[in-house]
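Okay, structure first, notes after.
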Amino acid sequence: MRLAFILGEIGSGLRRNLSMVVSVILVTFVSLTFVGAAGMLQLQINQMKGYWYDKVQVAIFLCGDGSTAAGCATGTATPEQQENLRTLLESPAVSQYINDFQFESKDDAYKHFKEQFSNSPIVDSVTPDQLPASFRINMKDPEKYQIISETFASQPGVETVIDQRQVLERLFSVMNAASLVAVIIAGVMIVCAILLIATTIRLSAFSRRRETGIMRLVGASKIVIQLPFILEGVIAAVIGAALASGTLWAVAHFFLGEYMSKQYPDTAFISPAQTLLLAPALLALGATLAGISSLLTLRRYLRV
Amino acid sequence: MIRFENVTKVYDQTARPALDSVNLEIDRGEFAFLVGASGSGKSTFLRLVLKEDRATSGAVYVAGQNVANISSWRVPRLRRGIGVVFQDFRLLPQKNVFANVAFAMQVIGKSRSIIRDTVPEVLKTVGLEGKEHRMPHELSGGEQQRVAIARAVVNRPGILLADEPTGNLDPTTSMGIMGVLDKINQNGTTVVMATHDDDIVNEMRKRVVELRNGVVIRDEARALYTSMIPVVGQSRRLKDASGRPDESATGPGDGSVPSSAGESK
Ligand SMILES: Nc1ncnc2c1ncn2[C@@H]1O[C@H](COP(=O)(O)OP(=O)(O)O)[C@@H](O)[C@H]1O
Ligand SMILES: [Mg+2]
């Protein structure tokens, strides 16, 4: 009975304040979309880092089938060439600059590639043969990249030496800046959302002061009196959060999945499913914001 | 049932107290009028009983319990034991008669079947049979006040507080309302009614507590609105029961014996 009553009260409150409720939904929608966008950018950065990014700085790619580099005149790197490179890496002249190194065979490379590009159709058209084997080097001082590059670039069996960090770092710094901007906008919008929720609850409490006054007099408990107002704000905010989650999913599905992945087939993009991991966080954030904001408002404007 | 011990209520430090050292006891099942000019502290008295406000000093006991010791989450339970009606009825305009009364039961979690059984019974008590489905604007003032009374007593409170319940009604309608309140009192509910309607008080011949500027200046059983004791100053109040009936008393003076405050307790 009490539950049915509270639900009825929520319904009538939402109907009576429809335009305010819609604005709460929209403001939480926009603010949480920005929060989610920042989250998506971070997910995307992780996705692009791939298997090696946080472990090593420099990669020495060995010659593969179709390599055209000067050092690849003899075709695919032979086991002897590979051994020579390993010996060179372990020689004191080089080893003083590196912490350690690992060898990534074609099969390892294929495995890591499949993980990183799991969302991309490209994974079906790639075979282990097409991926080069490589030495992955963890530098003592990443700035000494030049020494490794000069030593190995001209070795037989080496296609190219890449400072992975340099390639991605600039892109990541742009993406990090973008997430920071998204977080700042989200912060401003969240302040808007909190104030708007507070105002909405206040108006709602005012328009129903007759009911709440009577409820107080006949001895309704604090929960019965306040819960409809709190849930009103929470429901509106959760709807906004759901819309934000849906928007993020749509961006991942249509923009990244359908458009960007065709434009940049060699980039690993996050999958729509990954954005859904953000949804519970957004819903919880929206509900918490609304709950706290309405509790504080009611404490001031709805005497019990 | 209600006991005030030396209760003072100050709203505004610069003004005189709304209630000033009030000592009063109202027994279970009693019917008491609280009379006095506007601003004499009648509503303040009722608000203190409901714990809508805190006494500045002194103690207010309701059903044996000092309301100052009731924690805020148990105040609703205190209020379930007290019904209240006001001059302005305070009905919910978009709910019909039945729903207005049922509202008081819904919000404290009474089951649908109990509500269905109890509400018509209470509406019968207040004389509104067959008007369950009327909207408040389709009712006369007297009928609206009956709905408000039904709502106040539907949860069977031990105390009914009425703050000028006849203030908006004509004399005939007012007497009808008094009949309802009397009936509720007969059923065992303690009734405290604030009023400055002298005809009603004179007609009812119940206990009268008179306030002036927050001070109890008279407390008489079966009394008239205007004191039959000449009140000269506060020092002579209550104890001075030997005075002759006041000339201005309009009610029937025969057989009414003014009693002192001590006897009326
Ligand atoms: N909420 C309040 N704030 C300040 N003063 C008040 C308040 N309520 C009542 N008063 C003052 O207390 C006095 C008694 O008021 P009240 O109890 O309402 O009298 P009555 O009901 O007998 O007309 C008046 O002087 C009034 O101005
Ligand atoms: Mg008053």
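The values are calculated or read from the model by the stated rules, or taken from the named source; none is laboratory data. In this text, all values refer to a predicted model and were calculated from it rather than measured experimentally. Using ideal geometry, Cβ is built from the backbone for each residue, glycine included, and neighbour counts are taken over all protein chains shown.
Does B:Asp12 satisfy being part of a loop (DSSP other than H, G, I, E, B), within 16 Å of ligand 1 (Cβ to nearest atom) and within 14 Å of chain A (Cβ to nearest Cβ)? So B:Asp12 does not fit the description; no. Just one of the listed residues (B:Arg90, B:Arg151) is within 21 Å of the chain's Cα centre (by Cα), within 14 Å of chain A (Cβ to nearest Cβ), in contact (Cβ under 8 Å) with a residue 40 or more places away in the chain and not in a helix (DSSP H, G or I), namely B:Arg90.
Can you pull out the helices (runs of 4 or more DSSP H) entirely within the range A:128-239 that have at least 1 residues that are within 30 Å of A:Leu43 (Cα to Cα) and modelled with pLDDT of 85 or more?
Working: elements: A:145-152, A:164-207, A:209-217.
Of the helices (runs of 4 or more DSSP H) lying wholly inside the range A:128-239, those with at least 1 residues that are within 30 Å of A:Leu43 (Cα to Cα) and modelled with pLDDT of 85 or more span A:164-207.
Quick one: is B:Arg112 under 19 Å from B:Arg156 (Cα atoms), free of Cβ contacts under 8 Å to residues at least 12 places away in the same chain and either facing another protein chain (nearest Cβ under 10 Å) or of a type outside the set (D, E, K, R) (or both)? Considered against the rule, which asks whether it is under 19 Å from B:Arg156 (Cα atoms), free of Cβ contacts under 8 Å to residues at least 12 places away in the same chain and either facing another protein chain (nearest Cβ under 10 Å) or of a type outside the set (D, E, K, R) (or both), B:Arg112 comes out as yes. Against the test of being more than 14 Å from chain B (Cβ to nearest Cβ) and surrounded by 22 or more Cβ atoms within 10 Å (Cβ to Cβ), the options A:Gly246, A:Gly233 yield a single qualifying residue, A:Gly233. Of the residues B:Leu78, B:Leu46, B:Leu19, B:Leu24, the single one that is closer than 26 Å to B:Asn187 by Cβ and within 14 Å of ligand 1 (Cβ to nearest atom) is B:Leu46. Within the range A:261-291, the set of residues being over 15 Å from the mean Cα position of the chain (by Cα) and buried (at least 16 other Cβ atoms within 10 Å of the Cβ) comprises A:Ser261, A:Thr267, A:Leu283, A:Leu285, A:Gly286, A:Ala287, A:Leu289, A:Ala290, A:Gly291.
Among all residues of the range A:99-120, there is none that is within 30 Å of A:Gln263 (Cβ to Cβ), out of contact with any His (no Cβ under 9 Å at 6 or more places or on another chain) and in a strand (DSSP E or B).
Scan the range B:22-76 residue by residue and report those that are within 14 Å of chain A (Cβ to nearest Cβ), more than 16 Å from ligand 2 (Cβ to nearest atom) and of a type in the set (Gly, Ala, Ser). Before the answer, list the steps.
Our first condition is that a residue be within 14 Å of chain A (Cβ to nearest Cβ); within the range B:22-76, this holds for B:43, B:46-47, B:49-54, B:62-63, B:67, B:70-76.
Going one step further and asking which of them are more than 16 Å from ligand 2 (Cβ to nearest atom), we end up with B:51, B:54, B:62-63, B:67, B:70-76.
The answer is B:Ala63, B:Ser71, B:Ser72.
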